[in-house]
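First the structure, in the form of structure tokens, and then the observations on it.
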Amino acid sequence: MLIAIDIGGTKIAAAWVENGKVLERRQQPMAPDPIGFMAAIAQLVLGWPAPQQVAVAATGFINDGKVHSVNQNIIAFWDGFPLAERLAERFACPLILMNDGQAAAWGEYQVRQSASENSPDNLLFITLSTGVGGGLVLDRKLRIGPHGLAGHVGHATVSRQPTDGDLGCGCGRHSCLEKIASGTALGRQASAMFGRAMNSAELFELALTDTKAEAIINNAAMAVAEAISNVHMTIDLSEIVIGGSVGLADGMLQRIQLALARAPNLMQVPVSAAILGPDAGLVGIMQWANAKDA
Ligand SMILES: [Zn+2]
């Protein structure tokens with residue numbers, strides 16, 4: 001019996017898995033501090049049998065069992081938080097930890113591989129969510145990297161600028177993709193544009209009838225397309241997969257595809273939506289754990 005956990009910027013999902021099948025899935029809001037976080041974990045697994053393995057996909061990059069936010073504004077206590085140690089106190093079994101974008105990349109790669117003989121060898125997964133993250137499969141292997149950073153495309157810079165001109169990113173750089181295209185960034189730009197607190201879901205709703213709202217989203221899509229071309233020209237990709245709540249929001253994929261279609265032919269690459277939807281990270285870490293077990 002395996003417990004798979006996906007820790008995002010705003011929510012934590014957990015699945016009770018027997019022989020590769022999800023028996024139950026639960027969700028809790030992400031907590032702002034370590035005590036609340038461990039309480040949420042306890043709540044998620046309440047009543048489930050003791051697992052033989054726990055597999056965790058977490059936002060941020062993981063180095064030596066400790067988790068760090070690239071952008072410190074997203075989860076403040078993710079600043080070297082000893083996630084492996086804390087979970088080892090809670091679960092007396094082997095533990096696997098991985099970045100959520102990387103886990104999702106692996107899940108999306110696996111699902112394509114089982115569906116088609118022409119599955120992509122080189123795939124970049126981009127999640128547009130509370131932040132912008134990603135994962136990379138190169139030559140059919142998941143690339144994690146010596147610092148756990150591979151695929152963190154959200155903190156690559158782009159030349160497009162956010163509509164509110166706010167360029168400074170929580171990672172310490174300026175002009176990161178995350179500052180334009182994350183859910184947090186879309187909400188921030190919408191709030192500045194319309195003079196009231198708005199989140200990204202409200203912005204997408206407004207964009208159906210308001211051209212200024214549409215312009216914010218379209219600018220974000222163009223920034224994503226720019227980042228895709230940059231990565232493609234660096235490592236030559238076969239497919240890009242878009243996930244996350246913003247990435248899977250109505251029309252976002254089409255906007256990115258249209259923006260990318262304006263790039264020179266050589267800089268274009270097929271872009272598709274996450275087949276596993278919001279559970280790409282959860283399924284990906286589950287499959288990674290099963291493969292390691294086999
Ligand atoms: Zn950044």
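The values are calculated or read from the model by the stated rules, or taken from the named source; none is laboratory data. Since this is a predicted model, take the numbers as computed values, not measurements. Cβ coordinates were reconstructed from backbone atoms using ideal geometry, including for glycine residues, and neighbour counts include every protein chain displayed. Please note that ligands, DNA and RNA were not included when accessible areas were found on the heavy atoms of the full protein model with its side chains. Shrake-Rupley method; radii C 1.70, N 1.55, O 1.52, S 1.80 Å.
Pairs please, first residue from segment 37-56 and in contact (Cβ under 8 Å) with a residue 60 or more places away in the chain and farther than 17 Å from residue 27 by Cβ, second anywhere and open to solvent by 40 Å² or more (accessible area, probe 1.4 Å) and acidic (Asp, Glu), Cβ atoms under 8 Å, 6+ apart in sequence or on different chains.
53/293
Being modelled with pLDDT under 95, surrounded by fewer than 17 Cβ atoms within 10 Å (Cβ to Cβ) and of a type in the set (A, V, I, L, M) narrows it down to one of 76, 42, so name that one.
One residue alone meets the criteria, 76.
Return the residues of segment 169-210 that are at pLDDT 95 or above, part of a loop (DSSP other than H, G, I, E, B) and surrounded by fewer than 16 Cβ atoms within 10 Å (Cβ to Cβ); say none if nothing qualifies.
195, 196, 197, 199, 208, 209, 210 - these are the residues of segment 169-210 that are at pLDDT 95 or above, part of a loop (DSSP other than H, G, I, E, B) and surrounded by fewer than 16 Cβ atoms within 10 Å (Cβ to Cβ).
With the structure loaded, tell me whether residue 60 is without any contact (Cβ under 8 Å) to a residue 60 or more places away in the chain and either within 30 Å of residue 146 (Cβ to Cβ) or not hydroxyl-bearing (Ser, Thr, Tyr) (or both) or whether it fails that test.
yes
Going by the structure shown, is residue 155 in contact (Cβ under 8 Å) with a residue 12 or more places away in the chain, within 16 Å of the ligand (Cβ to nearest atom) and open to solvent by less than 30 Å² (accessible area, probe 1.4 Å)?
yes
Is segment 96-105 home to any residue that is within 16 Å of the ligand (Cβ to nearest atom), touching a residue at least 40 places away in the same chain (Cβ under 8 Å) and more than 20 Å from residue 232 (Cβ to Cβ)?
yes
Take the conditions touching a strand residue (DSSP E or B) at 6+ places or on another chain (Cβ under 6 Å) and either among the small types (Gly, Ala, Ser) or at pLDDT below 95 (or both) and apply them to residue 62. Does it pass?
Criteria met by residue 62.
Between a residue in segment 169-183 that is free of Cβ contacts under 8 Å to residues at least 60 places away in the same chain and more than 15 Å from residue 72 (Cβ to Cβ) and any residue that is open to solvent by less than 10 Å² (accessible area, probe 1.4 Å) and within 8 Å of the ligand (Cβ to nearest atom), which pairs come within a Cβ distance under 8 Å, given they are 6 or more apart or on different chains?
Qualifying pairs under 8 Å: 177/154.
Here's the yes/no breakdown for (1) without any contact (Cβ under 8 Å) to a residue 24 or more places away in the chain; (2) in contact with a strand residue (DSSP E or B) (Cβ under 7 Å, 6 or more places away or on another chain); (3) closer than 20 Å to residue 73 by Cβ; (4) in the same structural domain as residue 136 (by TED's automatic domain parsing):
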| position | (1), (2), (3), (4) |
| --- | --- |
| 185 | no, no, yes, yes |
| 190 | no, no, yes, yes |
| 196 | yes, no, no, yes |
| 201 | no, no, yes, yes |
| 205 | yes, no, no, yes |
| 215 | no, no, no, yes |
| 225 | no, no, no, yes |
| 232 | no, no, no, yes |
| 238 | no, yes, no, yes |
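So, restricting to helices (runs of 4 or more DSSP H) that lie completely within segment 239-294, which ones have at least 3 residues that are open to solvent by 10 Å² or more (accessible area, probe 1.4 Å)?
252-261, 280-293
Being open to solvent by 30 Å² or more (accessible area, probe 1.4 Å), under 27 Å from residue 222 (Cα atoms) and over 14 Å from the mean Cα position of the chain (by Cα) is the filter here, so list the residues in segment 103-143 that pass it.
Matches in segment 103-143: 121, 138, 143.
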